[in-house]
Amino acid sequence: MISCKTKQKRKTLSKERIKRKGYICVGWTSVILGLIGVTVPLLPTVPFILLALYCFGVASPKFQHWLLTHKRLGPIARRLQSKSGLTVKEKVQSLILIWISMGAMFYFVALGTHWQWAILGLIVFETWFILRFKTHRPNSDENIKPTE
C-alpha cells in the first residue's frame, strides 16, 4: 500500500516535471521567434531572448549555456544577462521597427476603433521597455564570456 506521503511526493514531482517542460517549451519558442527576428525586420529579437534566458535559467542550465554561446544570439544574450545593455544601433533598429509595424497596424487596422488606444499603449510600453536598457558601448566590454 502506498502511503499518503509517497502519493504527495509523486504529485509534487509530476507538477515540477510539467512546469519544467513548460518552461523549456516557452524557452524554445522564444529562441525560434528570436532567430526569426534577427532576419525579419518586423519581429523584435530582444524580448524573445530575455524570455528564453529566463525560462532556460529556471528549467535547464544546459539550454541556457547553449543560448549564451550561440553564434548569432549569444552576444545579445550575454549582454542582457550581464546587464550591459543594448547597443545604440540595436535600440534604434528595435524602435524604428516597432514604430513602423505598430504604426501601420494603428493606421490600417485600428484607427477610429477602440483598439487604437490599446495599440498606442503598446507602442508607448515597447518604447519604454527598449529605452530603459543601459546603452552598451562596444569598445568597453567587447568580449563578455558566458558564465559556466
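The values are calculated or read from the model by the stated rules, or taken from the named source; none is laboratory data. Values in this document were obtained by computation on a predicted structure and should not be read as measured data. When we count neighbours, we look across all protein chains shown, and the Cβ atoms used for this are built from the backbone with ideal geometry, even at glycine. The protein model used for the area step is the full one, side chains on, heavy atoms only, and it has no ligands, DNA or RNA in it. Shrake-Rupley method; radii C 1.70, N 1.55, O 1.52, S 1.80 Å.
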- Message: Run the simple label-point estimate for residue 131 and residue 62 please: 7 Å along Cα→C-beta, distance reported in nm.
- Response: 4.3 nm
- Along segment 19-29, Karplus-curve 3J(HN,Hα) (6.51, -1.76, 1.60; θ = phi - 60°) to the nearest Hz, with x for Gly and Pro, reads 4, 4, 5, x, 4, 5, 4, 5, x, 5, 4
- Query: For segment 21-139, what relative contact order do you get, as a whole percent, if you take Cα pairs closer than 8 Å and at least 6 residues apart?
  - Reply: 22 percent
- Using modelled amide H (1.01 Å from N, peptide plane; none on Pro or chain starts), what sits under 5 Å from the amide H of residue 84, excluding residues fewer than 5 places away? none
- Label points 7 Å out from Cα along the Cβ direction at residue 108 and residue 72: separation in nm? 2.4 nm
- How many nm separate the modelled label positions at residue 14 and residue 39, each set 7 Å beyond the Cα in the direction of the Cβ? 4.2 nm
- Using heavy-atom solvent-accessible surface (probe 1.4 Å) with all chains present, what is the largest-first order of 115, 66? 115, 66
- Query: Taking R0 as 41 Å, what's the FRET efficiency between residue 88 and residue 21 from their Cβ-Cβ distance, rounded to 0.05?
  - Reply: 0.60
